[in-house]
Amino acid sequence: MNDNFRKELEQCLNDNIMRYWADRMVDPAGGFYGRRDGYDRLDPEAPKGAILNARILWSFSAAYRLTGRQEYADLALRARDYIRDRFIDSEYGGVYWSLNADGTPLDTRKQFYAIAFTIYGLSEHYRATGNTESLELAKALFHDIESHSRDYGKGGYIEAETRDWQPIADMRLSDKDDNASKTMNTHLHIMEGYTSLLRVWRDPELLDATTRLLKIFLGPMLDSATGHLGLFYDNDWNRQDHIQSFGHDIEASWLMMETAQVIGDESLYLETLATTERIALAALEGRKADGSMVYERHADGSLDEDLHWWVQAEDVIGQLYLAAYHDKPGFIAKAEESWRYISDNLLDRENGEWYWSRLGSEGHPINRKDDKAGFWKCPYHNSRMCIESIETLDRIS
């Protein structure tokens with residue numbers, strides 16, 4: 001059973017996801033296009049986002065590391081060079097939030113979430129290819145975050161600043177988010193970026209920062225009554241939301257385990273092992289009988305039942321981690337069931353890639369109002385699901 005599951009994941013990675021980005025998203029003028037809409041129509045004038053480009057870099061780098069396909073190495077280098085030449089701010093450091101389609105700066109604010117993803121992509125590029133320039137760029141961005149985002153008094157990291165590292169009123173990642181100074185999402189992906197960098201650069205300051213981040217998830221970020229993680233906080237760690245985000249919870253459960261493994265402290269690993277099992281099982285409150293996972297539970301107890309691509313992807317990995325590390329082998333079959341939902345309902349088998357979501361309305365129609373590829377629709381959650389799941393299945397077997 002695991003062999004067929006693995007083969008399908010490998011085929012999805014190469015033929016559905018990476019092929020799409022290689023064939024449909026390379027911009028001959030430089031880098032990658034910024035958007036294709038829900039009907040797969042190219043918008044060549046769309047802005048180019050830092051998150052999209054950093055995730056493209058990570059995805060092609062990681063896919064090259066897994067498969068050895070030279071095309072992936074070539075496209076990873078293309079992404080790295082564009083980030084180096086266009087997104088990295090040579091005057092103040094950090095990365096621009098977005099560029100115009102011609103590669104000139106558009107929104108120059110410094111969103112630390114985007115800087116973290118750039119570290120993630122650059123460090124994976126070094127891991128996959130040995131490119132030392134990528135490692136040096138990642139180190140510099142690490143120091144930018146530590147210098148400008150870290151709250152050395154109360155712990156954690158603030159969300160955003162202006163181009164020249166001054167306070168900014170609106171710190172939101174998107175208009176769907178609360179304007180909070182500290183968020184679970186940004187902390188999760190700073191931790192992810194730092195963990196990736198720590199794999200290849202065992203710097204004491206980086207090790208300390210990564211350890212402190214993990215302890216935030218084990219402490220102030222965790223709702224001890226429910227096992228869920230909060231989303232939005234003020235500077236003093238007072239929670240500002242009452243949402244239970246199933247996708248973020250299941251994603252955090254396995255990323256925390258990954259971080260604990262890379263840190264290598266046995267007592268911290270055992271604490272993380274116990275806590276992440278609880279977080280993962282709480283997240284699975286959002287899993288449906290067909291293997292899909294709904295988006296979130298609102299403060300009034302009602303559910304947002306849209307079935308987002310990234311939530312489904314994270315659910316597969318989280319369940320495989322329950323099997324691999326928490327002595328729950330039955331979750332291999334459950335993970336495959338969740339993959340089957342994705343394969344049957346979210347893959348665009350004609351054009352490639354995945355649809356944004358199935359809507360929670362009657363019949364769960366395909367959502368075409370949101371992008372097939374764009375500022376937030378990147379080859380990351382789904383390629384990472386394929387790669388991480390393949391590697392986890394190999395460890396289990």
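The values are calculated or read from the model by the stated rules, or taken from the named source; none is laboratory data. Not measured: the values here are computed from a predicted model. Because the Cβ atoms are built from the backbone with ideal geometry, glycine has one as well, and the counts that use them run over all protein chains shown. With ligands, DNA and RNA removed, areas are computed over all heavy atoms of the protein, side chains included. Shrake-Rupley method; radii C 1.70, N 1.55, O 1.52, S 1.80 Å.
When the charge dipole of segment 218-377 is built from unit charges on Cβ atoms (+1 for Lys and Arg, -1 for Asp and Glu) and taken about the Cα centre, the candidate among 299, 244, 355 whose Cα reaches farthest toward its positive end is 355.
What is the magnitude of the charge dipole of the chain about its Cα centre, with +1 placed on the Cβ of each Lys and Arg, -1 on the Cβ of each Asp and Glu, and no other charges, expressed in debye to the nearest 20?
Numbers: 45 positive and 68 negative charges, 104 e Å.
Here the size comes out at about 500 debye.
Separation of segment 134-182 and segment 29-100, taken as the distance between their Cα centroids, equals 21 angstrom. Counting only protein chain heavy atoms and rolling a 1.4 Å probe, the accessible areas of 205, 91 rank, largest first, as 91, 205. Other residues lying with their Cβ under 11 Å from the Cβ of residue 339 contribute a combined charge of -2, Lys and Arg counting +1, Asp and Glu -1. For residue 110, nonlocal amide neighbours, meaning residues 5 or more places apart or on other chains whose placed amide H falls under 5 Å from its own, are 161, 162, 163. Just to confirm a number: summing +1 for Lys and Arg and -1 for Asp and Glu over residues other than residue 364 whose beta-carbon lies under 11 angstrom from that of residue 364, what do you get? It works out to a net charge of -2.
Close amide-amide hydrogen proximity is noted between residue 32 and 27, each under 5 Å apart and 5 or more residues distant or on a separate chain (H modeled in the peptide plane; Pro and chain starts excluded). Semi-axis lengths, largest first, of the ellipsoid equivalent to the chain are 27, 26, 22 Å, with √(5λ) applied to each eigenvalue of the Cα gyration tensor. From the square roots a ≥ b ≥ c of the eigenvalues of the alpha-carbon gyration tensor of segment 149-262, which class results: rounded (a/c under 1.5), prolate (a/b over b/c), or oblate? Because a/c hits 1.5 or more and a/b fails to exceed b/c, segment 149-262 counts as oblate.
How much accessible area per residue does segment 41-157 have, counting only protein heavy atoms and a probe of 1.4 Å, in square angstrom?
Value returned for segment 41-157: 35 Å² of accessible area per residue.
In this structure segment 258-328 gives 38 Å² per residue of accessible area when probed at 1.4 Å with all protein chains present.
Note on exposure: 315, 178, 3 ranked by accessible area (1.4 Å probe, complete protein assembly) read 3, 178, 315, with the most exposed listed first. With a cut-off of 14 Å between beta carbons, the residues surrounding residue 299 carry a summed charge of -4, where Lys and Arg count +1 and Asp and Glu -1. In the context of the full protein assembly, residue 163 retains an accessible surface of approximately 70 Å², using a probe radius of 1.4 Å and ignoring ligands and nucleic acids. Solvent-accessible surface (1.4 Å probe) assigned to residue 139 amounts to roughly 40 Å².
Ordering 203, 344, 164 by accessible surface, largest first, gives 344, 164, 203; the 1.4 Å probe counts only protein heavy atoms, with every chain in place. For segment 300-346, the fraction of C-alpha pairs more than 16 angstrom apart is 43%.
Of the residues 375, 284, 364, the one whose Cα sits farthest towards the positive end of the charge dipole of segment 238-397 is 364 (charges of +1 on Lys and Arg Cβ, -1 on Asp and Glu Cβ, taken about the Cα centre).
Protein heavy-atom surface of segment 97-199, 1.4 angstrom probe: 46% of the accessible area is carbon and sulfur, with nucleic acids and ligands not counted.
For residue 176, the lysines whose Cα comes closer than 22 Å to its Cα, not counting residues fewer than 8 places off in the same chain, are 48, 110, 369, 372, 377.
In debye, nearest 20: dipole of segment 45-115 around its Cα centre with unit charges on the Cβ of K, R (+) and D, E (-)?
On the way: 10 positive and 9 negative charges, 64 e Å.
The dipole of segment 45-115 has a size of about 300 debye.
What part of the accessible area of segment 294-337, given as a whole %, is carbon or sulfur when the probe is 1.4 angstrom? Roughly 46 percent of what the probe reaches on segment 294-337 is carbon or sulfur.
Each residue of segment 5-19 was assigned a 3J(HN,Hα) from its phi angle through the Karplus expression (A = 6.51, B = -1.76, C = 1.60, θ = phi - 60°), giving 4, 4, 4, 5, 5, 5, 5, 4, 4, 7, 8, 9, 8, 5, 4 Hz with x at Gly and Pro.
Taking a virtual spin label 7 Å from the Cα of residue 305 along the C-beta vector, which residues in segment 349-363 bring their backbone nitrogen under 12 Å of it? Only 359-363 pass the distance filter.
Close amide H partners of residue 243, meaning residues 5 or more places away or on another chain with modelled amide H under 5 Å apart, are 231. Apolar share of the accessible surface for segment 1-52: 42 percent from carbon plus sulfur atoms, 1.4 Å probe.
Defining a contact as two alpha carbons under 8 Å apart and six or more residues distant in sequence, what relative contact order in percent does segment 1-104 show? Walk me through the intermediate numbers first.
Details: 103 pairs, mean separation 26.5, N = 104.
Computed value for segment 1-104: 25 percent relative contact order.
Using a probe of 1.4 Å on the protein chains alone, the accessible area found for residue 18 is around 0 Å².
Under unit Cβ charges (Lys, Arg +1; Asp, Glu -1), what dipole magnitude, rounded to 20 debye, does segment 235-323 have relative to its Cα centre? Working shown, then result.
Working: 5 positive and 18 negative charges, 32 e Å.
Here the size comes out at about 160 debye.
From Cα pairs below 8 angstrom and at least 6 apart in sequence, can you work out the relative contact order of the chain, rounded to a whole percent? Display every interim value, and only then the final one.
On the way: 719 pairs, mean separation 74.7, N = 397.
This gives 19 percent for the chain.
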